[in-house]
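Written out below as structure tokens is the structure these notes cover.
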Amino acid sequence: MSSTNASSATPKIDFKAIQQLMASAMNQVDKQILQELNSDVVLINQIGFHIVNSGGKRLRPMLVALSACALGYEGKDHIILAAVIEFIHTATLLHDDVVDESDKRRGDDTANAIWGNAASVLVGDFLHSRSFEMMVSVSNMRVMDILSHATNAIAEGEVLQLLNINNPDTNELQYLEVIRRKTAQLFQASTQLGAVLANKGEDTERALSAYGLHLGNAFQIMDDMLDYTADAEKLGKNLGDDLAEGKPTLPLIHAMATGTKEQADFIKKTIKEGNRTAHMDILSIIKSTGSLAYTAEFADKEAQKAIDALRDIADNDYKLAMEQLALFSIQRSY
């Protein structure tokens, strides 16, 4: 397989087939989530169930199970840790929606739109603390080390992104650092945990860690591109949300660097103002400057790096599914 333009060189990935492969494990994860969500504080149950059952691809918990299965793990701790990852991710979403003042996620009302910001933040805190209770039950210090580092990196990424909001001087390296911490870190932790549970040694752990990191990068870069190119109904949010929030993502950063002074000035002004109404004009610029193609190619390369990281892992259906997930991350339209 070519190291570039992987999405155009391969057939369309059937994500449902991957879900079917992992159906049994993910059903167990869902049961674990419902069990751990239980609280005698009614509002915690309501908000927790709302966000966890609101759809989504459940990629992160699936990756814990997939990586463990790919390495022949036969225990049960991957189910607990998959639920931990989902709780950490859900807590992040709750906090994100408050910070971004979002009222829609996957087409549904956000928790903060229904119950208010305070309740959303506090339930996010509950999910974080419950996730640490769960990870302690696995009794593995390496697991604790990985997850505590990941949650800290995610928080740092959130703050870095906040600093970049409405800042048109954000460069590509700064952008990549934000997505590494804010998104890729949890993908990386998910796959690394599978390797730790399988106890296959440091080389395998490094390989699975690299896979998760590059997959997470590819996934977020495509997310940022889809904000300009996707079908709003399929995406489950309004197109131009990133623009409205003044987020300098990779298509904008590249267009400012390669476009005319007039184009760059217009993008800078739009980022500073957070102006959604400029969406179509911005889309025209990022197309004309080749910035969409540049972004897609960048994501392709990250997906290929993820696949390359698995080269020394023994072939099986789960490894194949992990390779296909890397390709799905750059082929998806939602």
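The values are calculated or read from the model by the stated rules, or taken from the named source; none is laboratory data. On a predicted model such as this, the values are computed, not experimentally measured, just so you know. Heads up, the Cβs are rebuilt from the backbone with ideal geometry, glycines too, and the neighbour counts pull from every protein chain shown. Areas reflect the complete protein model, heavy atoms only, side chains present, ligands, DNA and RNA absent. Shrake-Rupley method; radii C 1.70, N 1.55, O 1.52, S 1.80 Å.
Are there any pairs, at least 6 apart or on different chains, whose C-beta atoms fall under 7 Å, with the first in segment 86-108 and more than 19 Å from Leu59 (Cα to Cα) and the second of a type in the set (Ser, Thr, Tyr) and modelled with pLDDT of 70 or more, and if so, which?
Cβ pairs passing all conditions: Asp97/Thr110; Asp97/Ser120; Val98/Ser120; Ser102/Thr110; Asp103/Thr110; Lys104/Thr110; Asp108/Ser54.
Go through the residues of segment 325-334 one by one and say whether even a single one is of a type in the set (Ser, Thr, Tyr), within 24 Å of Ile165 (Cβ to Cβ) and open to solvent by less than 70 Å² (accessible area, probe 1.4 Å).
Within segment 325-334 (the criterion being of a type in the set (Ser, Thr, Tyr), within 24 Å of Ile165 (Cβ to Cβ) and open to solvent by less than 70 Å² (accessible area, probe 1.4 Å)), the answer is no, since none of the residues qualifies.
Restricting attention to segment 282-328, report how many residues are hydroxyl-bearing (Ser, Thr, Tyr) and touching a Leu at 6+ places or on another chain (Cβ under 6 Å).
The number of residues fulfilling the criteria is 2.
Test Asn167 against the stated conditions and say whether it is assigned to a loop (DSSP other than H, G, I, E, B) and either of a type in the set (Phe, Trp, Tyr) or out of contact with any strand residue (DSSP E or B) (no Cβ under 6 Å at 6 or more places or on another chain) (or both).
Answer is yes for this residue.
Restrict the check to segment 251-259 and report whether at least one residue is out of contact with any Phe, Trp or Tyr (no Cβ under 9 Å at 6 or more places or on another chain) and more than 26 Å from Leu162 (Cβ to Cβ).
No: segment 251-259 contains no residue that is out of contact with any Phe, Trp or Tyr (no Cβ under 9 Å at 6 or more places or on another chain) and more than 26 Å from Leu162 (Cβ to Cβ).
Counting just the residues of segment 189-210 that are among the small types (Gly, Ala, Ser) and assigned to a helix (DSSP H, G or I), which one comes out surrounded by the fewest Cβ atoms within 10 Å (Cβ to Cβ)?
Among those that are among the small types (Gly, Ala, Ser) and assigned to a helix (DSSP H, G or I), it is Ala210.
Identify the residue in segment 114-124 that is in contact (Cβ under 8 Å) with a residue 12 or more places away in the chain and open to solvent by 40 Å² or more (accessible area, probe 1.4 Å) and, among all such residues, is nearest to Ala82 (Cα to Cα).
Val121
Do we find a residue being at pLDDT 95 or above, within 27 Å of Pro61 (Cβ to Cβ), open to solvent by less than 20 Å² (accessible area, probe 1.4 Å) and touching a Ser or Thr at 6+ places or on another chain (Cβ under 9 Å) anywhere in segment 240-249?
Yes; the residues of segment 240-249 include at least one that is at pLDDT 95 or above, within 27 Å of Pro61 (Cβ to Cβ), open to solvent by less than 20 Å² (accessible area, probe 1.4 Å) and touching a Ser or Thr at 6+ places or on another chain (Cβ under 9 Å).
Looking at Leu186, Leu127 in this structure, which one is under 30 Å from Val42 (Cα atoms), buried (at least 24 other Cβ atoms within 10 Å of the Cβ) and at pLDDT below 95?
Exactly one of Leu186, Leu127 is under 30 Å from Val42 (Cα atoms), buried (at least 24 other Cβ atoms within 10 Å of the Cβ) and at pLDDT below 95, namely Leu127.
Mind listing whichever residues of segment 29-65 are in a helix (DSSP H, G or I) and under 16 Å from the mean Cα position of the chain (by Cα)?
Ile51, Val52, Leu59, Arg60, Pro61, Met62, Leu63, Val64
If I filter segment 134-148 down to residues being out of contact with any Leu (no Cβ under 7 Å at 6 or more places or on another chain) and in contact (Cβ under 8 Å) with a residue 40 or more places away in the chain, which single residue comes out as farthest from Asn38 (Cα to Cα)?
Arg142
Just one of (1) of a type outside the set (A, V, I, L, M, F, W, C); (2) at pLDDT 90 or above; (3) open to solvent by less than 30 Å² (accessible area, probe 1.4 Å); (4) within 26 Å of Ser120 (Cα to Cα) trips up Arg60, so point out which.
Condition not satisfied by Arg60: (3).
How many residues does segment 44-85 contain that are within 24 Å of Phe219 (Cβ to Cβ), polar (S, T, N, Q) and either without any contact (Cβ under 8 Å) to a residue 24 or more places away in the chain or out of contact with any strand residue (DSSP E or B) (no Cβ under 8 Å at 6 or more places or on another chain) (or both)?
Residues meeting the conditions: 2.
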